[in-house]
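Some notes on the structure that comes next.
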Amino acid sequence: MAALSARPREYGAVFKYVLLLPAVLWVIAFTFFPLLFVIRYSFANYVLGMGITGYVGFSNYVDVLTSARFWHAIMVTAIYVAVSVPVEVVLGFLAAWLVNLGAPWSRGFRTVIGIPLFTMEVAIGYLGVTLFSSQGGIVPVVLGLTGIEVPWLSTASGGIAAAILLDIWRWTSFVFVIVLAGLAGISSDLYDAAILDAKSHWQVMWRLGVPLAWPVTTIAILLRTIECLKVFAIPYALTTGGPGTSTEVFSAMDYLTTVQFFNFGQGSAMGIAFLIMVAALITVFFKQMRKRLG
């Protein structure tokens, strides 16, 4: 009998690994092996049609790290992330808080705010061209009525600002959904007690909502930061990195280097260098979050 009762446990353990197997194979096939190839190419001279014609050591990395264009793309990407993510988190949290309070418009708002998530980023980028175009674009026309003139797509600051506004419009709903789930898990008794002690709902939000929803908010910040560091479609479709390379984010530069100019060696070195930077950033982020969460 003991042997028979042990079999279900053995079958359960095996079944657990069977369920994990597709995910493991996916990671190996589409993450681990491609990463190994990229590392190999970063130390080589790769010619399209001929493959690797020789190994150049760290020459590709030296060329990348001494390139002004590389560091400019890193700076543009950092500005993009530093503005987009905090604004999305703040707006998403405020929207989730108001909906969680049961605002009269909350039911319809849940539907409307989720629409951008189902729109392709490249389509949003091309939509932005019509919205921010100086030749009859809606945004310049409306601002022109108030006497405000902004050269959206003809300057570096205007182009990156337009891309950031489109990114905020698309991804605020993502933060909203995650934070709303966290707020919904807070006991109503805690809300009732906090309302009795606080002078306003804003104090309740700051003293109760923000601390208790912070773990899920942290997840939203982390996911948006990682995704925003990889941003490509919206700014590229909107400005193609112009004027010149003034609004060129890292992903666009790496794409042009590798795919358009067929410089696989330097493109791979760029990717590895950027990966190391992002890994260091995420490591610091996790350490700070652990200290904050105790």
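The values are calculated or read from the model by the stated rules, or taken from the named source; none is laboratory data. Worth saying up front: this structure is predicted, and the values here are computed from it rather than measured. All Cβ positions, glycine included, derive from the backbone under ideal geometry; neighbour counts span all protein chains shown. Keep in mind that these areas ignore ligands, DNA and RNA; they rest on the heavy atoms of the full protein, side chains included. Shrake-Rupley method; radii C 1.70, N 1.55, O 1.52, S 1.80 Å.
Could you pull out the residue among I164, I195, I148, I168 that is in a helix (DSSP H, G or I) and open to solvent by 70 Å² or more (accessible area, probe 1.4 Å)? Don't jump to the end; show me each part of the working.
Details: I164 fails: open to solvent by 70 Å² or more (accessible area, probe 1.4 Å); I148 fails: in a helix (DSSP H, G or I); I168 fails: open to solvent by 70 Å² or more (accessible area, probe 1.4 Å).
The conditions single out I195.
Among what's in segment 225-262 and is closer than 18 Å to D63 by Cβ, in contact (Cβ under 8 Å) with a residue 60 or more places away in the chain and assigned to a loop (DSSP other than H, G, I, E, B), pick the residue that is least open to solvent (accessible area, probe 1.4 Å).
Checked segment 225-262; the qualifying residue least open to solvent (accessible area, probe 1.4 Å) is E248.
Give L281, L190 a once-over and let me know the one that is within 22 Å of the chain's Cα centre (by Cα) and surrounded by 13 or more Cβ atoms within 10 Å (Cβ to Cβ).
Details: L190 fails: within 22 Å of the chain's Cα centre (by Cα).
So the residue among L281, L190 that is within 22 Å of the chain's Cα centre (by Cα) and surrounded by 13 or more Cβ atoms within 10 Å (Cβ to Cβ) is L281.
Can you confirm whether A82 is open to solvent by less than 20 Å² (accessible area, probe 1.4 Å) and either in contact with a helix residue (DSSP H, G or I) (Cβ under 9 Å, 6 or more places away or on another chain) or under 30 Å from G244 (Cβ atoms) (or both)?
Values: open to solvent by less than 20 Å² (accessible area, probe 1.4 Å): no; either in contact with a helix residue (DSSP H, G or I) (Cβ under 9 Å, 6 or more places away or on another chain) or under 30 Å from G244 (Cβ atoms) (or both): yes.
No.
Looking at S42, is it within 20 Å of V278 (Cα to Cα), crowded, with 17+ Cβ neighbours inside 10 Å and polar (S, T, N, Q)? Steps first, please.
Working: within 20 Å of V278 (Cα to Cα): yes; crowded, with 17+ Cβ neighbours inside 10 Å: yes; polar (S, T, N, Q): yes.
Yes: the conditions hold for S42.
V122: more than 30 Å from A213 (Cα to Cα) and touching a residue at least 40 places away in the same chain (Cβ under 8 Å), yes or no? Walk me through how you get there before you give the answer.
Values: more than 30 Å from A213 (Cα to Cα): yes; touching a residue at least 40 places away in the same chain (Cβ under 8 Å): yes.
Criteria met by V122.
Given (1) outside any helix (DSSP H, G or I); (2) within 14 Å of the chain's Cα centre (by Cα), where does A103 come up short, assuming only one miss?
Condition (2) is where A103 drops out.
Taking L222, is it modelled with pLDDT of 90 or more and surrounded by fewer than 20 Cβ atoms within 10 Å (Cβ to Cβ)? Lay out the reasoning, then the answer.
Numbers: modelled with pLDDT of 90 or more: yes; surrounded by fewer than 20 Cβ atoms within 10 Å (Cβ to Cβ): yes.
Taking the combined requirement at face value, the residue satisfies it.
Every residue in segment 106-140 that is over 29 Å from the mean Cα position of the chain (by Cα) and open to solvent by less than 80 Å² (accessible area, probe 1.4 Å), please.
The answer is G136, and nothing else.
What residue, of I28, I74, I113, I52, is part of a strand (DSSP E or B) and β-branched (V, I, T)? Talk me through it step by step, then tell me what you get.
Working: I28 fails: part of a strand (DSSP E or B); I74 fails: part of a strand (DSSP E or B); I113 fails: part of a strand (DSSP E or B).
Step by step, each of I28, I74, I113, I52 is checked, and only I52 is part of a strand (DSSP E or B) and β-branched (V, I, T).
Specify which of the listed residues (I138, I148, I168) is of a type in the set (V, I, T) and touching a residue at least 12 places away in the same chain (Cβ under 8 Å). Give the derivation first.
Values: I138 fails: touching a residue at least 12 places away in the same chain (Cβ under 8 Å); I148 fails: touching a residue at least 12 places away in the same chain (Cβ under 8 Å).
So the residue among I138, I148, I168 that is of a type in the set (V, I, T) and touching a residue at least 12 places away in the same chain (Cβ under 8 Å) is I168.
In segment 241-294, how many residues are of a type in the set (D, E, K, R) and modelled with pLDDT of 90 or more?
If we filter segment 241-294 for residues that are of a type in the set (D, E, K, R), which is where we start, we get 248, 254, 287, 290-292.
From what is left, the residues that are modelled with pLDDT of 90 or more are 248, 254.
Counting residues in segment 241-294 that are of a type in the set (D, E, K, R) and modelled with pLDDT of 90 or more gives 2.
T66 is checked against (1) in contact (Cβ under 8 Å) with a residue 60 or more places away in the chain; (2) open to solvent by 50 Å² or more (accessible area, probe 1.4 Å) and fails just one. What number does that condition carry?
With (1) in contact (Cβ under 8 Å) with a residue 60 or more places away in the chain; (2) open to solvent by 50 Å² or more (accessible area, probe 1.4 Å) applied to T66, the lone miss is (1).
Quick one: in segment 85-100, of everything that is more than 16 Å from the chain's Cα centre (by Cα) and open to solvent by less than 30 Å² (accessible area, probe 1.4 Å), which residue is modelled with the highest pLDDT?
F93
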